[in-house]
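In what follows, a structure is listed as structure tokens, so that the remarks can point back to it.
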Amino acid sequence: MDVMNENKKTYQWIWLTGLLCVILTCYSAYRLFGVGTLSWHIMQPETLELWIEMGILFSLLVFSLSRKNSKVRLFLYTAVIAVFCWIHVVFFPMFCAAVYLLFLYYLGCWFREYVLRDKKETLVCADGLLGAVLVILLFCTLSLFGIGGMKRQIAVLIPIGILLAVWVLGRWNGKRDEIRERIKCWSLSGWDVWILAGVTTLLLLQAGRMNLAVDYDSLWYGLRSEYILDNGHGIYENLGTLGVVYTYSKAQEILLLPFCGMPSHSFVLAFSIYFTALALFVFYKAAKVWIPVRSARCAVCFLACVPAVMNMAVSAKTDAGTLLVQIMMFYFLLRYWKEEEGRNLLWAFCCLLFSFTLKPTSIVFSSAVFGMSILYDWYSKKRPSKICRCEWMMLPVFSIEVLAVFARTWKMTGVPVTSIYTSIFQKLGFAIRYPFEIAASEKDRYVAMAFSEKWNRFLQRLYGVLLCPEEKVDMAHVIFAWGGLFCLAFLVIGLLWIFLCDKKTISHSKIVWRKGTKGGYLFWIMLPMILGSLYILFDLSQIDGNYYNFVYALVIFCGCYGISQMGSKKMQIEVTKILLPVCIMGVVMTSVTNWAWQIGLNEIELVNKGYFDHEEKEEEKLCNTMFGNRNIWTMLGQNPRQRVIAVGEHPDMLLFPCSVQSYGDIAGSWGNPMVVADEEKFREFVRYAKTDYVYIQAHYMCRWEDPYPFLCKLIYQGILTDLIYENGNVLARVNADGVHNEKADRELERFGMDYYPADWPVRLQPS
């Protein structure tokens, strides 16, 4: 009778917790969709059309995956995906990206088996990662000799691909029966069908708007590698770019160089979708190492419902690739914890190294997880098994890749890693090179807040991250990269578990402090992640939701592990049901948000050429539709190596077919305003950058604000000369050795009359 009453009480608490999650979800939905930023987006007909199409797609995927015959199932599943990609004009980008990823996988597999002499099976993605490292090293080697450019890179890869294809065909011929047996034995349970169909639908949602949702940062630097990373002479060439984003570690951009310069941006964006899909796959594999298959399936579902994770699948930023490598590292760490096999620890360390070359934030988050894992394993007296000599050879390969990628940043700036790490390297004795020297040594450009003000902002940010990312509380870069309500929901469930835990059999102190416990391991790796995240919320002047993708993945893993430890199977199912409204909220957020703030999907086109021509669209925009730069476009497009400083809309002005950086890249908070402090400093900079032209967008500059007076001074001094006018737009040739003369007076007079004729007498003479 007492047991029955206890169970009744337990389920009452579970249902109460579920009710609390429903209330929190409804509140968040009301604040965002009812009266908040997304109220307009969710009411648009394009959003309704998206939901209807996704519902149809999900139904077709369920139907195809429900077939009993494995060959029929695979054919129908592939056909549905292919047809969807075709009608949304992304078929060729998705196909080419898949072929390239297969190339990387088999290249890594061949290198591991025949060069390193390592015949042991490993994670599929690990071989792909090894192949990626080899390609990056190949491009870096070519760059050392001044060989670059998309055509040359493709010319090098084609013979390698042909030889590799011959090897793969021979390999398949010998394993034909094994492959057929694997396809035949491919079975799916009822839940597997629904989960795979749901995850595939969410991934195809991103593919369906890939041509539409090209975001600001992608256009800024992620999609312009053929101009700002390798403009023909390799990645180590000084291209004169100053913005800090151009100095980041560019491993992913180097890897994808053969696809830059394509007429469609989707050839690059497609990789982010595949990286996200692989991240979900590896996350499932990692979850199965520690928790039951049922809980592992739930973990994948939860991660796929995180808007921050899924919305990065349609961006050229490196977050999707970084998350994949970080989850791979976590997978190998879990394998090592379970098996104490040194090989897994070595692979985890290689993943750690590679993540450093993808995104600056990974240096903090990846190192925190790996470092705490090693400390806890040492504390638990775990000792790795002997590592073979052939396996050790992976370490120098990955180490050389890190050095090769960091060498570019070091050559440009004088430090191997920029962003928030610049001051650290300065303290270590590194000398910052011009023109980054002044910017690196400057104090923070924004006025320091008082502690009370920072604390108030921190609480607002915490509310936004956990419950409701409203734009008015500093969440502009979080609302479309939000972690959903999972962190808050798992916190509530964790408190529930602690409350319901049997105090007689479970000691919470032992869970945390006892050597070799799974709970203790998860606690200690999560501790620096949570503290680091809180510090970022408190101290950084700007936060982006994608910073925390790895944190979200680990929170979901820990939450699912905790649920798997709760009492009976029935209790675990009931607790899992609590998260259903949270998942629905996450899916809705993903469907109405993205980094480009676009709604709906690409238009359906039954007859198309397999890809959307972004280059044609951008040319039409700059030349005819909005800006009227036909002649200027033609002039700059004659030589893609021409270097231009653009004063105009950012990033629209970066779409010219040559090496362009905006005036904001130079004078903004992410650049070095001192190089435009006066004419002489500007002369020095354009000599360094070898700048050919300055472009000025029509009617862009305000009447009494910079940079108009500064440009007038440059014209007056003869630094900007031979001005060409087209529909109010101006293209001026840069002459670093120019001097004031009569021609400069005439150029200044005409510039003032054409740009602001009304206040010409006032603005004529530069001070």
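The values are calculated or read from the model by the stated rules, or taken from the named source; none is laboratory data. Worth saying up front: this structure is predicted, and the values here are computed from it rather than measured. All Cβ positions, even for glycine, are placed from backbone atoms using ideal geometry, and neighbour counts span all protein chains on display.
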Against the definition (within 17 Å of the chain's Cα centre (by Cα) and farther than 30 Å from GLY668 by Cα), how does PHE275 come out, yes or no? yes
Selected residue (only one of ASP665, ASP692, ASP706, ASP678 is surrounded by 18 or more Cβ atoms within 10 Å (Cβ to Cβ), over 29 Å from ALA270 (Cβ atoms) and not polar (S, T, N, Q)): ASP692
Go through the stretch 105-127 and give me each residue that's within 16 Å of PHE271 (Cα to Cα) and touching a residue at least 40 places away in the same chain (Cβ under 8 Å). CYS125
Which one is farthest from ILE536 (Cα to Cα), of the residues in the stretch 461-496 that are part of a loop (DSSP other than H, G, I, E, B) and among the small types (Gly, Ala, Ser)? GLY484
The lone exception for LYS8 - which of (1) without any contact (Cβ under 8 Å) to a residue 60 or more places away in the chain; (2) basic (Lys, Arg); (3) surrounded by 13 or more Cβ atoms within 10 Å (Cβ to Cβ) it fails: (3)
The one condition in (1) more than 27 Å from GLN206 (Cα to Cα); (2) in contact with a Pro (Cβ under 7 Å, 6 or more places away or on another chain) that SER568 fails to fulfil: (2)
With the requirement that a residue be surrounded by fewer than 18 Cβ atoms within 10 Å (Cβ to Cβ), part of a loop (DSSP other than H, G, I, E, B) and either in contact with a Gly (Cβ under 6 Å, 6 or more places away or on another chain) or of a type in the set (S, T, N, Q) (or both), what does the stretch 17-64 give you? GLN44
State yes or no: is ALA126 of a type in the set (A, V, I, L, M), out of contact with any Cys (no Cβ under 7 Å at 6 or more places or on another chain), assigned to a helix (DSSP H, G or I) and at pLDDT 95 or above? no
If I go through the stretch 359-410 residue by residue, how many of them are under 14 Å from PHE349 (Cβ atoms), at pLDDT below 85 and of a type outside the set (A, V, I, L, M)? 3
Checked the stretch 86-123 for anything among the hydroxyl-bearing types (Ser, Thr, Tyr) and either within 20 Å of VAL166 (Cα to Cα) or in a helix (DSSP H, G or I) (or both); matches are TYR100, TYR105, TYR106, TYR114
Qualifying position, being of a type in the set (Gly, Ala, Ser) and over 20 Å from TRP194 (Cβ atoms), among SER70, SER59, SER39: SER39
Pairs needed: first member in the stretch 746-763, on the phi < 0 side of the Ramachandran plot; second member anywhere, in a helix (DSSP H, G or I) and at pLDDT below 70; C-beta distance under 7 Å; at least 6 residues apart or different chains. GLY752/TRP760; GLY752/ARG763; MET753/TRP760; TYR756/ARG763
From (1) touching a Cys at 6+ places or on another chain (Cβ under 6 Å); (2) within 26 Å of ASP230 (Cα to Cα), pick out the condition that doesn't hold for GLY131. (1)
Scan the stretch 630-668 residue by residue and report those that are closer than 18 Å to HIS699 by Cβ, over 28 Å from the mean Cα position of the chain (by Cα) and among the aliphatic types (A, V, I, L, M). ILE632
Check the stretch 224-234 and report whether any residue there is free of Cβ contacts under 8 Å to residues at least 60 places away in the same chain and under 30 Å from PHE145 (Cβ atoms). yes
Determine whether the stretch 559-580 contains at least one residue that is in contact with a Phe, Trp or Tyr (Cβ under 6 Å, 6 or more places away or on another chain), within 26 Å of LEU32 (Cβ to Cβ), assigned by TED's automatic domain parsing to the domain that holds SER28 and in a helix (DSSP H, G or I). yes
Having 1 or more residues that are over 19 Å from the mean Cα position of the chain (by Cα) and over 21 Å from TRP524 (Cα atoms) is the bar; report the helices (runs of 4 or more DSSP H) wholly within the stretch 307-393 that clear it. 342-356, 389-392
Give the residue that is farthest from ASP665 (Cα to Cα), with candidates limited to residues of the stretch 630-651 that are touching a strand residue (DSSP E or B) at 6+ places or on another chain (Cβ under 6 Å) and either of a type in the set (Val, Ile, Thr) or loosely packed, with under 15 Cβ neighbours inside 10 Å (or both). ILE632
For the stretch 370-412, enumerate the residues that are within 16 Å of ASP118 (Cα to Cα) and either of a type in the set (Val, Ile, Thr) or without any contact (Cβ under 8 Å) to a residue 12 or more places away in the chain (or both). ILE387, ARG389, PRO396, VAL397
Conditions (1) more than 28 Å from the chain's Cα centre (by Cα); (2) surrounded by fewer than 20 Cβ atoms within 10 Å (Cβ to Cβ); (3) aromatic (Phe, Trp, Tyr) -> PHE627 fails only (2)
